[in-house]
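Let me begin by presenting the structure, written as structure tokens, before commenting on it.
The values are calculated or read from the model by the stated rules, or taken from the named source; none is laboratory data. Bear in mind the structure is a predicted one, so any value in this text is a computation, not a measurement. A quick note on method: Cβ atoms are made from the backbone with ideal geometry, for glycine too, and the neighbour counts reach across all protein chains shown. We work out accessible area using only protein heavy atoms, side chains counted, and drop any ligands, DNA or RNA first. Shrake-Rupley method; radii C 1.70, N 1.55, O 1.52, S 1.80 Å.
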Amino acid sequence: MNPAPSVIIFTVLSGLGFGFLAWLCSGIATPDGLHGLLVFALGYGLAVGGLVASTFHLGQPMRAWRAFTQWRSSWLSREAWVSVAALLAAAPVALGALAGREPGLWGLVAAALCLGTVLCTAMIYAQLATVPRWHHPLVPVTFVLFALAGGAILLPLPGVAAVLSAGLAAVLAIGFRIGDGRFAGAGSTLATATGLGRIGAPRVFEQPHTGGNYLTREMIHVVGRRHAARLRSIAVAGVALPALILPLLPPVAGVALALCAHLAGAFAARWLFFAEAEHVVGLYYGRRPLPEKG
Amino acid sequence: MTCLPGYTEKKLGLVIDLDTCVGCQACVTACKGWNDQGYGVPLSDQDAYGADPSGTFLNRVHSYEVQPDDGAAQIINFPRSCLHCEDAPCVTVCPTGASYKRIEDGIVLVNESACIGCGLCAWACPYGARELDAEAGVMKKCTLCVDRIYNDTLPEEDREPACVRTCPTGARHFGDLGDPDSEVSRLVAARDGFALMPELRTRPVNRYLPPRRKDAREDASLLAPLLDLQAQGFAGWLDRMLGKMG
């Protein structure tokens, strides 16, 4: 799949923002006063900035409001609703923090909605049976862990962040390994795609067109797989590093460094999430699944 | 509404005969021609006469080589377009309701004025049936020529999809696959028609007819018994003598 920068920036930033807001609303460590309000503003900025970036890949951004209508069947529509609900629900918590009030039960509702937004974002990808690497329960788990770990680093909750970062690195590494076998495991081949398997082994004789088209650019995208193994190491190391940095370094420098490492890992992981994902439509064009890594 | 209707009164679709398709691309051209002036925005091209031409098409014809266990390889031309699935994943993922399946005939359509061009339906389709038009920023797909098949101003023989009407070898058939007595349903039953990627459980309406078995080449001639000639007389004596000398 095409790793479009707008979608990578959107999922990383809004994931971090909503994870941060979820921690702020939970009442575990809610800062108060003007400082509290500014901290909430940072969360809002990340979450809303990410959502705005997501509209850049639309063909008709002015009609984006229509995405609120199909919540009964569409995860993208549910994401629209839950994200707005989360941003509205967190507002009284932020104002309460200014007045020094505890978030209470309402804060937990807002926190759940924030994590629900991240879950909806992940389900947009995880629901697609056409991209076997994404069609797995570990995808939403990874997205939510990214949000929780990133938010905990920002808060900062050093102990919690260290544990979550270590867990995220492990889940990410397992996810890479499981993802490699997903395409072959799904059972779609050129033989099932064309139905010609009943005669013998098919192969592409001639392509239907010599130039590129929307399908080849968007879904049959092959880019940078030469460096995939190196990028995977960067992704896992990046998200794992805060687990070492936070307990060892003094607070301000530690948090800044941990956040940089976490974001570097997050961007590498999210770029790979798209670049390594293979769509079954590639079969018609003779693309084979990536060889399984040992 | 992007919830699937659950049932449709008809299941209009195509039956494509892989035995008779010669890969001439006439259906591709006819589709592009009709949909430049028909339902919705025209199918645009980018850099059409330049170094890197690209464009939106609703139908593409692939060519595959299949190697059977015995005998020579076969070339099979393979037109690929929307299969108007009963469990169309492209419809349920649509956030705006632009993508929908019609109850009256089962056609999967895009209401272009409600499409935000997010591309998620194209991601959800296993068959590459949907292409986002680069000029208009909205999703295009096969409409089964909904603006031809019900069009009373056209002569009756033209009230079928442009690809079917134009096919010079009669490899494309159009009809109601929900009616077991329809011509297309009988064709599918007689020729063992199949659906594409059944493992993804999209339940396509369109069916493909497999290539028929090729005749095996006769290695021995029918005249073989008559060809075993014995030379007589002088020619026979010469034949025997030359054979001994060898």
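Observations on the structure shown:
- Qualifying residue in the range B:162-169 (condition: surrounded by fewer than 21 Cβ atoms within 10 Å (Cβ to Cβ), in a loop (DSSP other than H, G, I, E, B) and in contact (Cβ under 8 Å) with a residue 60 or more places away in the chain): yes
- When residues of the range A:15-59 are limited to those that are among the hydroxyl-bearing types (Ser, Thr, Tyr) and either over 19 Å from residue A:152 (Cα atoms) or modelled with pLDDT of 95 or more (or both), the one least open to solvent (accessible area, probe 1.4 Å): A:54
- Leading residue by the ranking (surrounded by the most Cβ atoms within 10 Å (Cβ to Cβ)) among those in the range B:75-105 that are part of a strand (DSSP E or B) and at the interface with another protein chain (Cβ under 7 Å from one of its Cβ atoms): B:78
- Qualifying position, being open to solvent by 100 Å² or more (accessible area, probe 1.4 Å) and without any contact (Cβ under 8 Å) to a residue 12 or more places away in the chain, among B:154, B:227: B:227
- Any hit, the range B:50-59, residues being in contact with a Cys (Cβ under 9 Å, 6 or more places away or on another chain), among the aliphatic types (A, V, I, L, M), crowded, with 19+ Cβ neighbours inside 10 Å and at pLDDT 95 or above: yes
- Test: residue in the range B:113-124 that is open to solvent by 10 Å² or more (accessible area, probe 1.4 Å) and either within 18 Å of residue B:195 (Cα to Cα) or of a type in the set (D, E, K, R) (or both): no
- From the options A:227, A:209, A:221, residue that is in a loop (DSSP other than H, G, I, E, B), more than 30 Å from residue B:69 (Cα to Cα) and assigned by TED's automatic domain parsing to the domain that holds residue A:240: A:221
- Number of residues in the range A:179-205 that are facing chain B (nearest Cβ under 7 Å) and surrounded by fewer than 15 Cβ atoms within 10 Å (Cβ to Cβ): the value is 3.
- Qualifying residue in the range A:156-166 (condition: more than 28 Å from residue A:38 (Cβ to Cβ), open to solvent by 10 Å² or more (accessible area, probe 1.4 Å) and of a type outside the set (Val, Ile, Thr)): yes
- Test: residue A:101 is within 14 Å of chain B (Cβ to nearest Cβ) and among the basic types (Lys, Arg): no
- A count restricted to the range A:35-73 and to residues that are in a helix (DSSP H, G or I), among the β-branched types (Val, Ile, Thr) and within 14 Å of another protein chain (Cβ to nearest Cβ) stands at 1.
- Output for the range B:106-128, where each listed residue is at the interface with chain A (Cβ under 9 Å from one of its Cβ atoms) and not in a helix (DSSP H, G or I): B:115, B:116, B:117, B:118, B:119, B:125, B:126, B:127, B:128
- Whichever residue in the range A:74-98 is in a helix (DSSP H, G or I) and either facing chain B (nearest Cβ under 9 Å) or aromatic (Phe, Trp, Tyr) (or both) and, among such residues, is most open to solvent (accessible area, probe 1.4 Å): A:81
- Among the residues of the range A:248-282, those identified as among the aliphatic types (A, V, I, L, M), assigned to a helix (DSSP H, G or I) and open to solvent by 60 Å² or more (accessible area, probe 1.4 Å) are A:248, A:252, A:257.
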